[in-house]
Amino acid sequence: MRRSVLSSAALLIAWGLAAGPAAADKVDDYVRRQMRGRNVPGVSVAVVQEGKVAKIRGYGLANVELAVPATAETVYQLASVTKQFTATAVMMLVEEGKIDLDETITRYLEGLPAAWGEVTVRHLLNHTSGIKSYTGLPDFAKSFRKDYTKDELIRLVADLPLEFAPGERFSYNNTGYFLLGMLIEKVSGKEYGTFLKERIFDPLGMTRTRVNDLTAVIPNRATGYGWSPKGLRNGEYVSPTQPYAAGALVSTVTDLVKWDAALDGERLLKRATLLRMWRPTRLNDGKTHDYGFGWSLGLYRTRPRVHHGGGIPGFSTYVARYPEERLTVIVLANSETANAGSLADGIAAFYIPALVANAPKPIPDSDAATTERLREVMARVAAGDANPEWFTETARKVLFPDRIAEAKAMLGSHGKLKAFDLMAERTDGAIRVREYRASFGDLTLRGIFGLTAEGKIDRLGMRPE
């Protein structure tokens, strides 16, 4: 339920809460600049440093139509940030001896396909089950408004063969976390939301966190937004029955600060269990993948990081923890194309000097002619007059006319292309991939071009940097 097109709504950045110390003032400037560059309606941010709140406030608008400011108490849809809560609930039941990580899911849940007989609870937690993710089904996005029962949604993928043997490889999978929600309900005897409320939210004082209900009156709820060539629009309706335990929670940065504090202690799980959740996944061949249980792992510019993002129509979210620096950055945005992850990365750099020192730099360019040609392509895309003949037939079908129109709307309002530097180059099969850092006024992004042997553009991607 994630989209890749950037937002470009021209909005006035409104005031938030009181500013913090000098370092935080720089964060304020950075966030406002990024919001102007990406034209994001509203963002709420929290920074926790060595167990203390260094920054917490809102920027912009939680609701554009009513001019309601975003604050630290604004409620956002969390999308896949939900997964860390689902994984924690499962591990609570593991600690109680009610769930065995290496037991097959068919032991706990009835009526599942025989083909899933070798899939374990562990495989669901670390996305190695091989079960088809329902959000990856063709045209699934066309049914966002449909309310599903749990059995109905599982039947969407039940008759499909496994994509690979369980444990063979990693493939991000919303079906797995949907099944984990069902598992929690079966083993605990409580509804998913009730279990989380009683065992996690209430004990931690997370009073604004709950399973989403679009018919409920939730104080301070943000409106989600998207962007089209015609301008800002309300985000598409998505029935909460679809994301469920894979992405149906709502929360605030204030509540997520409480969640972060609990992860530093043993209020919910033993320390050894948390470390188990933050251990890389070991595949059948002995190789590892940087994902644990509900958390992505690995290094960011040489610094260890535990993190997870979320995206759903109308919203983009991100939680990043740097354990060695004891720094946590939480970003919640009411724009599906805000790229909360890159915002969090930029904020973290104000607190961890190594992230600045190890920032990616342009690489030597041995093909200046291709760079000059692609610079012209980028400039013409921003102007809205890109030539379809520059692209392969496949790329033309994807990009023209809607994606190119969206790109013009996103880029065109920020001025001319000021800089275009080669940042990475690699091959992907027969496709030569070149990544550039492109700057348009306040907006800096990565432009990713895939080139055929004949020089045609087979793919064009853009994301904020």
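The values are calculated or read from the model by the stated rules, or taken from the named source; none is laboratory data. Keep in mind the model is a prediction, meaning the values are calculated, not measured. Cβ sites come from the backbone with ideal geometry, for glycine too, and all protein chains shown count toward neighbours.
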(message) Given the condition surrounded by 19 or more Cβ atoms within 10 Å (Cβ to Cβ), modelled with pLDDT of 95 or more and in a helix (DSSP H, G or I), answer yes or no: does some residue in segment 274-281 qualify?
(response) yes
Within segment 214-245, the residues that are within 18 Å of the chain's Cα centre (by Cα) and among the aliphatic types (A, V, I, L, M) are ALA222, VAL238, ALA245
Condition set outside any helix (DSSP H, G or I) and either out of contact with any Pro (no Cβ under 7 Å at 6 or more places or on another chain) or modelled with pLDDT under 95 (or both), scope segment 245-261, selection farthest from ASP147 (Cα to Cα): answer is THR252
Over segment 322-339, the set of residues surrounded by 22 or more Cβ atoms within 10 Å (Cβ to Cβ) and not hydrophobic (A, V, I, L, M, F, W, C) is THR328, ASN334, SER335, GLU336, THR337, ASN339
Expected single match for touching a helix residue (DSSP H, G or I) at 6+ places or on another chain (Cβ under 9 Å) and either of a type outside the set (Lys, Arg) or under 26 Å from LYS408 (Cβ atoms) (or both) among TRP295, TRP278 is TRP295
Of (1) outside any strand (DSSP E or B); (2) in contact (Cβ under 8 Å) with a residue 60 or more places away in the chain, GLY226 fails just (1)
Counting only residues in segment 110-138 that are closer than 15 Å to PHE164 by Cβ and in contact (Cβ under 8 Å) with a residue 60 or more places away in the chain, the one surrounded by the fewest Cβ atoms within 10 Å (Cβ to Cβ) is identified as HIS127
Selection from segment 45-60 of residues small (Gly, Ala, Ser), closer than 17 Å to LEU327 by Cα and either buried (at least 24 other Cβ atoms within 10 Å of the Cβ) or not assigned by TED's automatic domain parsing to the domain that holds VAL319 (or both) yields ALA46
Residue hits (segment 131-168; touching a Phe, Trp or Tyr at 6+ places or on another chain (Cβ under 8 Å) and either among the hydroxyl-bearing types (Ser, Thr, Tyr) or farther than 15 Å from LEU180 by Cα (or both)) are SER133, TYR134, PHE140, PHE144, ARG145, LEU156, VAL157, LEU162
Checked pairs for segment 373-398, first within 19 Å of PRO229 (Cβ to Cβ) and in the same structural domain as PHE449 (by TED's automatic domain parsing), second at pLDDT 95 or above and surrounded by fewer than 15 Cβ atoms within 10 Å (Cβ to Cβ), C-beta under 6 Å and 6 or more apart or across chains, list as ARG396/PRO388
| message | Yes or no: segment 111-121 includes at least one residue that is under 28 Å from ILE56 (Cβ atoms) and among the hydrophobic types (A, V, I, L, M, F, W, C). | response | no
Among ALA424, ALA379, the single one that is in a strand (DSSP E or B), aliphatic (A, V, I, L, M) and at pLDDT 95 or above is ALA424
